[in-house]
Structures are given as structure tokens and as C-alpha cells.
Amino acid sequence: MSPDSSHTWSSPAHIGHVMDRVRRQAALTPEVLARKTGTALDHLAGILSGHHFPTRRFTLTYAKACGADPQVLLLVWENEHDRRSTPSHPGRS
């Protein structure tokens with residue numbers, strides 16, 4: 001198993017990774033972003049690290065706070081949400 005296997009594109013870490021990249025592009029610290037989104041810093045850290053899956057509403061608020069296109073980040077969220085909602089069936093294609 002590779003060291004990055006926990007960060008596959010279908011894991012909660014994927015949306016966290018994408019959101020963290022958006023934050024870095026916006027040159028915002030986690031502390032500033034927590035204030036701008038009205039969320040606790042520890043909850044934001046959990047989302048960015050992939051330990052928590054954000055709500056749709058938070059994802060939109062986050063994108064706006066970063067000055068990013070909310071629809072683009074929402075597409076990533078919807079894809080991951082759908083994958084989380086669909087049970088996997090090992091051995092099936």
C-alpha cells in the first residue's frame with residue numbers, strides 16, 4: 001500500500017486536499033479562513049486533513065470565502081458525496 005493510498009480521489013481526504021489547495025491559492029491562513037467561514041479552527045482542520053467530510057453548504061461558503069468559483073468546488077464535493085453514498089462491491093466492475 002502506498003503512503004498516499006489514504007488520499008485517493010474517492011476518499012474524504014480528496015476534498016480536504018482540494019480545499020486546502022484552494023486555501024493556499026487564496027493565500028489565507030486556516031485561522032483567517034475559520035473566521036471568514038464561521039467555523040471552529042479544529043473543525044476546519046479536520047476537513048482539510050480529510051478526517052471530516054464537509055457539508056454542501058460549508059463547501060459553498062468556503063469557496064466564496066476563498067474567492068474561488070463555488071460551482072467548481074461543488075462539483076468535486078458532489079462527486080465525492082455520490083461515491084460515499086454508493087456502496088462498493090469488491091470484485092465487480
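The values are calculated or read from the model by the stated rules, or taken from the named source; none is laboratory data. Model, not experiment: these values are computed from the prediction. Methodologically, a virtual Cβ is constructed for each residue, glycine included, from the backbone with ideal geometry; neighbour enumeration extends over all protein chains shown. Only protein heavy atoms, including side chains, enter the accessible area calculation; ligands, DNA and RNA are left aside. Shrake-Rupley method; radii C 1.70, N 1.55, O 1.52, S 1.80 Å.
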Item to check | segment 9-29: number of residues that are out of contact with any Gly (no Cβ under 8 Å at 6 or more places or on another chain), open to solvent by less than 90 Å² (accessible area, probe 1.4 Å) and either closer than 23 Å to H81 by Cβ or at pLDDT below 95 (or both) | outcome: 6
Item to check | Residues of segment 17-62 satisfying the condition of being in contact with a Pro (Cβ under 8 Å, 6 or more places away or on another chain), assigned to a loop (DSSP other than H, G, I, E, B) and over 17 Å from L73 (Cβ atoms) | outcome: H51
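Sort out which residues of segment 30-60 are hydroxyl-bearing (S, T, Y) and open to solvent by 40 Å² or more (accessible area, probe 1.4 Å), and write them in order of number. Talk me through it step by step, then tell me what you get.
Applying the first criterion (hydroxyl-bearing (S, T, Y)) to segment 30-60 yields 37, 39, 49, 55, 59.
Within segment 30-60, S49, T55 qualify.
Which one is most open to solvent (accessible area, probe 1.4 Å), of the residues in segment 63-76 that are assigned to a helix (DSSP H, G or I) and without any contact (Cβ under 8 Å) to a residue 40 or more places away in the chain?
Of segment 63-76, the ones assigned to a helix (DSSP H, G or I) are 63-66, 70-76.
After this cut, where a residue has to be without any contact (Cβ under 8 Å) to a residue 40 or more places away in the chain as well, the list is 64-65, 70-72, 74-75.
Details: K64: 142, A65: 14, P70: 31, Q71: 112, V72: 86, L74: 6, L75: 111 Å².
Among them, the one singled out is K64.
In the list S6, S93, which residue meets the criterion of being modelled with pLDDT under 90 and either surrounded by 15 or more Cβ atoms within 10 Å (Cβ to Cβ) or part of a helix (DSSP H, G or I) (or both)? Write out each step before concluding.
Values: S93 fails: either surrounded by 15 or more Cβ atoms within 10 Å (Cβ to Cβ) or part of a helix (DSSP H, G or I) (or both).
Just one listed residue meets the conditions, S6.
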